[in-house]
Every structure is written in C-alpha cells, then in structure tokens.
1. Give 68/112; 51/102; 68/118; 37/112 a once-over and call out the pairs whose C-alpha atoms are over 31 Å from each other.
2. Skipping prolines and chain starts, which residues have an amide H placed within reach, meaning under 5 Å, of the one on residue 132, given they are 5 or more residues away or on another chain?
3. Among 80, 60, 42, pick out the residue whose Cα is farthest towards the positive end of the charge dipole of the range 28-139, where Lys and Arg carry +1 and Asp and Glu carry -1 on C-beta, about the Cα centre.
4. Which value, in debye to the nearest 20, describes the size of the charge dipole of the range 38-137 about its Cα centre when Lys and Arg Cβ atoms bear +1, Asp and Glu Cβ atoms bear -1, and nothing else is charged?
5. Compute the length gained on full extension between residue 84 and residue 100: take 0.36 nm times their separation in residues and subtract their Cα-Cα distance, giving the result in nm to one decimal.
6. Starting from one equal scatterer on each C-alpha and no solvent at all, send me the Debye-based log10 I(q)/I(0) for the range 38-137 at q = 0.20 Å⁻¹, two decimals.
7. Relative to the present Cα-Cα distance, how much length would full extension add between residue 52 and residue 92 at 0.36 nm per residue of separation?
8. Put +1 on the Cβ of each Lys and Arg and -1 on the Cβ of each Asp and Glu in the range 85-128; which of 116, 128, 95 then has its Cα farthest toward the positive end of the dipole?
Amino acid sequence: MKFNNVIPYKIKRIIPMAMIAGLPFVPTGCGKVEMEKHDVEIKFDDDTADKILTFETLQNYANDETVKTIYLVPTGHWGGCAAHNITYFRQNLQPRLNISPKIRGRGDFDFKPGEASKVPADSLWYVQQGWTINKNLQR
C-alpha cells in the first residue's frame, strides 16, 4: 500500500515542475518581434570624406535592419571649395546616396560665399538631398 501512495505524490510534483520548465519553449503567438530602429549620423569633412564615406561602410549600414535613416553630416569649414570642387564633390556623393533610400544629407556645407551660385544645378542637388548651403550667411 505504501508503494501506491508514493507514485501519485511524485506525479503531482513532477507534472507542475515539467510545465514550469517547459514554459520558455511555448510560443507566445505574438508573431514577429519588432526591433527598435535608430538613425545613424556619419560626420565628415573635406579632408576625411573619402576615408569615412566608403561604399562598404554605407552598404553595411543600409543592410542593417535596425537602421532607419543614415545621415551624412558635413562638419568644419568648406571655404576652400571653388565651384568646380562643389561639382566634383557632388559627383562623388551621388553614387553613395544611390546605395540606399535610407541615405540622406543633413547639416550645412559652409562653402566659399558665391561659389555655389556658380553651379546652380549642383546647389539644387545638395538641397534636394537634405543639406543646406551657407546657412550661416542666410538671413
């Protein structure tokens, strides 16, 4: 008779323990887990742009599902850029922005006053991408 009393007692304890141990493996039914997205700012100046804005770096950020927007942010003084430099730099930036619609401009290019107006199509392109030009000179 003792033997019969032991088995039900053990089963009463084992079943709840097995259920508790198995809870982490039970699907919750909530579906896909959403990852929190964030923006990335990549700061560069006229001396470091080629080293910082590499196609590999930009492509890695573009492929990252947690990155919402990649902002390219110019820093420093760009006063040494004549009109032909503004065009040349646009020609280098454009293929980088074409990598992904996630890549946008942000911030201000502080070009030498009057130079951007010599290349109006390029100036318009910069503004369309999200940058400003000589904001500190505008009133």
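1. 68/112; 68/118; 37/112
2. Under 5 Å from the amide H of residue 132: 107, 108, 109.
3. My answer, from the dipole projection, is 80.
4. In total the dipole reaches around 260 debye.
5. 3.1 nm
6. -0.97
7. 13.1 nm
8. 95
Laboratory data are not the source of any read-out in this text; all were calculated from the coordinates shown. Being a predicted model, the structure only gives us computed values, none of them experimental. Note: ideal-geometry Cβ built from the backbone for every residue, glycine included; neighbour counts use all protein chains shown.
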